[in-house]
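Engineer: Below is a structure I'd like to ask you about.
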Amino acid sequence: MSAPPVSPTPWESIPADLSAAMRPRLQATVRAVADAVTEATPAFATIEGSKVQRDLRTAVEVALERFLDLVGTGEPALPLRFREVFVALGAAEAREDRGPEALLTAFRTASRLMFRVASESLAHVRPVDTQMLIDLSDAISAYVDELAAASTDGFTRQLREQAGEGDRRRRQLAELLLRGSAPHSVVAAAAAGIGWQSLDAVVPVLLPADLARDARFRYSADGVVAERGRDAVLLLRAGPRTTRTQLAEGLKGRVAVVGPTLGWAQVPEAVRLAELMGLAPGPVFVDDHLGTLALRGDPGALAVLSARRLAPLAHLRAARRESLLVTLRSWLRHWGSRAAVSAELFVHPQTVSYRLNSLRELLGDDLDDPTARFELLLVLEAR
């Protein structure tokens with residue numbers, strides 16, 4: 001025995017006198033449904049008296065009035081002007097950063113209460129048999145499904161709109177950073193527009209164009225991506241996720257060049273230095289090659305290397321800093337001979353010892369590391 005076909009308008013089979021029986025109880029039912037929905041849905045219970053509460057009550061009233069108008073007719077559930085009420089309700093949930101679960105719970109609660117009130121009202125005007133209750137249940141379920149579909153449509157539309165606006169803002173910030181010359185207030189506003197409350201240093205990562213989408217997904221909270229045709233640039237705000245260890249792990253086995261971490265206004269220079277390395281399996285860190293680039297005569301690489309190597313002395317008074325740098329240069333050139341430094345600088349050996357002790361406190365293990373010593377001498381000779 002085959003099942004009877006499902007009607008697209010099951011409210012057509014409901015006795016028309018249900019409307020007359022329910023209308024005197026309409027306002028009481030609106031309040032009961034709104035209160036039941038609020039009580040059953042914690043997300044709504046915590047926003048008592050808000051616009052969302054008023055919108056919810058309005059939606060309940062519209063829904064019940066429309067259902068009473070449908071009873072005994074073959075009309076579609078929601079003409080445009082009614083449907084937009086529930087589309088707007090779903091959109092509001094998305095704007096409030098709540099998921100669709102609260103609204104779906106609300107519709108289920110409303111459906112149960114509507115069935116109870118409708119059954120009681122119908123029983124006051126005519127005998128109610130099992131088939132009538134089944135028809136009423138089908139009609140209410142189908143109607144509430146239409147309400148839920150409309151609100152879900154509004155929810156997804158709003159998410160798409162927000163995503164599009166978010167993408168536009170992220171592209172705008174990427175363009176401002178790559179330009180490097182925008183006013184600080186403009187860049188700060190653009191960063192705030194994507195949820196970054198502050199923006200100081202930036203780490204650029206040069207990638208093949210086909211990795212842009214993956215980078216945008218993996219680093220969505222901390223980075224913006226600028227696609228440039230042949231390649232893409234991932235611009236990461238400096239933080240816990242942009243340490244060398246984290247980036248080496250995250251980019252392991254990928255074609256990528258990690259530029260130096262510089263202030264946001266220096267992003268164009270950091271990207272240029274990354275471009276000098278050329279894309280290669282890695283990741284490749286420009287920091288490891290600043291000395292080589294400086295030896296080739298690149299002034300940008302030398303400037304970055306100088307700032308890195310001499311940063312521990314940056315806070316000193318100019319005269320004090322200069323005497324230590326002169327001593328350090330001589331000491332590096334004479335392979336650590338204090339006597340040779342003393343003779344070259346015409347200072348007492350104890351003065352040399354005092355200065356070198358100060359340098360060791362400031363530079364630490366760099367004075368014993370061959371690469372660091374070479375880069376320090378390169379920087380000091382360039383002065």
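The values are calculated or read from the model by the stated rules, or taken from the named source; none is laboratory data. In this text the structure is predicted, and so the values were computed from the model without any measurement. We place every Cβ from the backbone using ideal geometry, glycine too, and count neighbours over all the protein chains shown. Accessible surface is based on the protein model in full, side chains and every heavy atom, while ligands, DNA and RNA are left aside. Shrake-Rupley method; radii C 1.70, N 1.55, O 1.52, S 1.80 Å.
Engineer: Can you check what the net charge comes to around Leu273, using other residues whose Cβ is under 11 Å from the Cβ of Leu273 (Lys, Arg +1; Asp, Glu -1)?
Structural biologist: Cβ neighbours under 11 Å give a net charge of -3.
Engineer: Each residue of the range 70-81 in turn: what ³J(HN,Hα) in whole Hz from Karplus with 6.51, -1.76, 1.60 and θ = phi - 60°, glycine and Pro shown as x?
Structural biologist: Running phi through 6.51 cos²θ - 1.76 cosθ + 1.60 with θ = phi - 60° gives 6, 3, x, 10, x, 6, x, 4, 9, x, 3, 5 Hz.
Engineer: Could you state the accessible area per residue of the chain in Å², with a 1.4 Å probe and every protein chain left in place?
Structural biologist: For the chain, the per-residue accessible area is 52 Å².
Engineer: Provide the per-residue ³J(HN,Hα) series for the range 326-341, in order, calculated from phi with Karplus coefficients 6.51, -1.76, 1.60 and θ = phi - 60°, each as a whole number of Hz, with x at glycine and proline positions.
Structural biologist: After applying 6.51 cos²θ - 1.76 cosθ + 1.60, I find 4, 5, 4, 4, 5, 5, 5, 5, 9, 6, x, 7, 5, 5, 5, 5 Hz.
Engineer: Under 14 Å from the Cβ of Gly180, count the other residues' Cβ atoms, weight Lys and Arg +1, Asp and Glu -1, and hand me the total.
Structural biologist: 0
Engineer: Between the DSSP loop rule and a limit of at most 16 other Cβ atoms within 10 Å, which trypsin sites (Lys or Arg not before Pro) in the range 246-311 are left?
Structural biologist: Lys252, Arg254, Arg296
Engineer: Still on this structure, I have one more. Report, to the nearest 10°, how far helix 349-363 tilts away from the longest principal axis of the Cα atoms in the chain, using its own Cα long axis and a range of 0 to 90°.
Structural biologist: Roughly 20 degrees, rounded to the nearest 10.
Engineer: With θ set to phi - 60° and the Karplus curve 6.51 cos²θ - 1.76 cosθ + 1.60, what are the ³J(HN,Hα) couplings of the range 161-174 in order, to the nearest whole Hz, using x for Gly and Pro?
Structural biologist: 5, 5, 5, x, 5, x, 4, 4, 5, 5, 5, 4, 5, 4
Engineer: What chymotrypsin sites (Phe, Trp or Tyr not before Pro) does the range 305-383 have in DSSP loop regions with at most 16 other beta carbons within 10 Å?
Structural biologist: Here the sparse-neighbourhood loop sites are Trp335, Phe346.
Engineer: Tell me the chymotrypsin sites (Phe, Trp or Tyr not before Pro) within the range 158-219 that lie in a loop according to DSSP and have at most 14 other beta-carbon atoms within 10 Å.
Structural biologist: Here no loop site has a sparse enough neighbourhood.
Engineer: Measure off, as a whole percent, the carbon and sulfur share of the 1.4 Å-probe accessible area of the chain, all protein chains present.
Structural biologist: Its accessible area is 54 percent carbon and sulfur atoms.
Engineer: Once amide H atoms are built 1.01 Å from N in the peptide plane, which residues 5 or more positions from Leu262, or in another chain, come under 5 Å H to H?
Structural biologist: Correct list: Val202.
Engineer: For the chain, what is the mean residue ellipticity at 222 nm derived from helices alone (per DSSP H run of n ≥ 4: -39500 (n - 2.57); sum divided by total residues; nearest 500 deg cm²/dmol)?
Structural biologist: It comes out at -20000 deg cm²/dmol, rounded to the nearest 500.
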